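Encoded as structure tokens, the structure appears first; notes follow it.
The values are calculated or read from the model by the stated rules, or taken from the named source; none is laboratory data. Small disclaimer: the values here were computed from a predicted structure and weren't measured. Backbone-built Cβ (ideal geometry, glycine too); neighbour counts: all protein chains shown. For the accessible areas, the whole protein counts, side chains as well, though only heavy atoms, and no ligand, DNA or RNA atoms are used. Shrake-Rupley method; radii C 1.70, N 1.55, O 1.52, S 1.80 Å.
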Amino acid sequence: MSLKIAVFISGRGSNLNAIIQAIADKRLDATIQCVVSNDAEAPGLLIAKQHGIETFALDHKGMKRVEHERVILEHLKTYEIDYIVLAGYMRVISPSFLKQWHDERGYFKVVNIHPSLLPSFPGVSGYEDAFNYGVKVSGVTVHLVDEEVDRGIILAQEPFPRFPDDTLQTFCARGLSVEHALYPAVLQQIAKEGIRLTPKKTKVESKK
Ligand code: GAR
């Protein structure tokens, strides 16, 4: 099926751009219904606008998380959306938001790309943390979003080497080019086959 997505960004938007290019090149059967940002100044919003994609920016500063998310959710209801695609969205999404966005098996229909081989180096500076740690191999992870930050089911991982003469800059650039190939490919896989998972086990209450 053709995938209808909302892409969430906070900054540069190079992954958004890679997704747009993959759709244009017919490597990805998807439509971006809307690009959402928590920063009205995010450069990625311009990329969306240049391609005629609707944008919705709502600064989170000065707003409670639940209120910020409520307004975004309300806006998303005006579209038909299969998946929310986080592409450098630097906000934790709360369980109350996620619970309103789940499939019939209990999985949240939110995917994320993270700049490390999870579960190593979660958080906001994956490349920097891996580089400073001195890894010889790093990588990129695409995963389903869960209530726990950077802990959802892993859909794909792609490693890349750190070379002895790497600077943080060359290391990040290598990782980013991996991201730009991997994210559209995983989304295409979802468009083609969905996500093959067994239903989530419901918690069994223990008798006292
Ligand atoms: C990407 O490297 C992405 O993996 C990372 O932010 C960058 C966004 O770049 N995401 C995270 O760190 C999420 N915790 P982009 O705006 O150019 O796509």
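Once every DSSP H run of n ≥ 4 in the chain is given -39500 (n - 2.57) and the sum is divided by its residues, what mean residue ellipticity at 222 nm do you get, rounded to the nearest 500 deg cm²/dmol?
It lands at -10500 deg cm²/dmol.
Extension gain K4-T78, at 0.36 nm per residue separation less the Cα-Cα distance, in nm?
25.4 nm
Rounded to the nearest 20 debye, what is the charge dipole size of segment 1-154 about its Cα centre when +1 sits on each Lys and Arg Cβ and -1 on each Asp and Glu Cβ?
100 debye
Once amide H atoms are placed 1.01 Å from N in the peptide plane, what residues at a sequence separation of 5 or more from G139, or on another chain, have their amide H within under 5 Å of its amide H?
L117, F160
If the only charges are +1 at each Lys and Arg Cβ and -1 at each Asp and Glu Cβ, what is the size of the charge dipole of segment 104-208 around the Cα centre, to the nearest 20 debye?
The dipole magnitude comes to about 660 debye.
What percentages, rounded to whole numbers, describe P(r) for the chain computed over all alpha carbon pairs with 5 Å bin width beginning at zero?
For the chain, the pair-distance distribution reads 1, 7, 15, 19, 20, 17, 11, 6, 3, 1, 0, 0, 0.
Take the chain, mark every one of the GluC sites (Glu not before Pro) that falls in a DSSP loop and has at most 15 other Cβ within 10 Å, then report the longest stretch left between them, sites excluded.
Counting at most 15 other Cβ atoms within 10 Å as exposed, the longest clean stretch of the chain is 149-204.
K61: accessible area at probe 1.4 Å, nearest 10 Å²?
150 Å²
I want to verify the translational diffusion coefficient of segment 1-52 in µm²/s; compute it with Stokes-Einstein, Rh as the Kirkwood radius over Cα pairs, at 4 °C and 1.567 mPa s.
117 µm²/s
Report, to the nearest whole %, how much of the accessible area of the chain belongs to carbon and sulfur atoms, 1.4 Å probe, protein only.
Result for the chain: 54 percent of the exposed heavy-atom area is carbon or sulfur.
Please list, in chain and number order, the residues 5+ apart from K4 or on another chain whose amide H is under 5 Å from its amide H, with Hs placed from the backbone.
Residues meeting the criterion, in which the H sits 1.01 Å from N, are T31, D82, Y83.
On average, how much accessible surface per residue is there in the chain, in Å², for a 1.4 Å probe, leaving out ligands, DNA and RNA?
54 Å²
Using the alpha-carbon centroid of each, what span in Å lies between segment 54-103 and segment 136-176?
What the calculation gives is 24 Å, centre to centre.
Take every DSSP beta bridge with both residues inside the chain and express the antiparallel ones as a percent of the total, to the nearest 5.
40 percent
Output the direction-averaged projected area (hull surface divided by four) of the convex hull of the alpha-carbon atoms of segment 105-208, in nm².
Approximately 8.3 nm², given one-decimal rounding.
Run the numbers on the chain and let me know its relative contact order in percent, using alpha-carbon pairs under 8 Å that are six or more apart.
Over the chain, the number comes to 21 percent.
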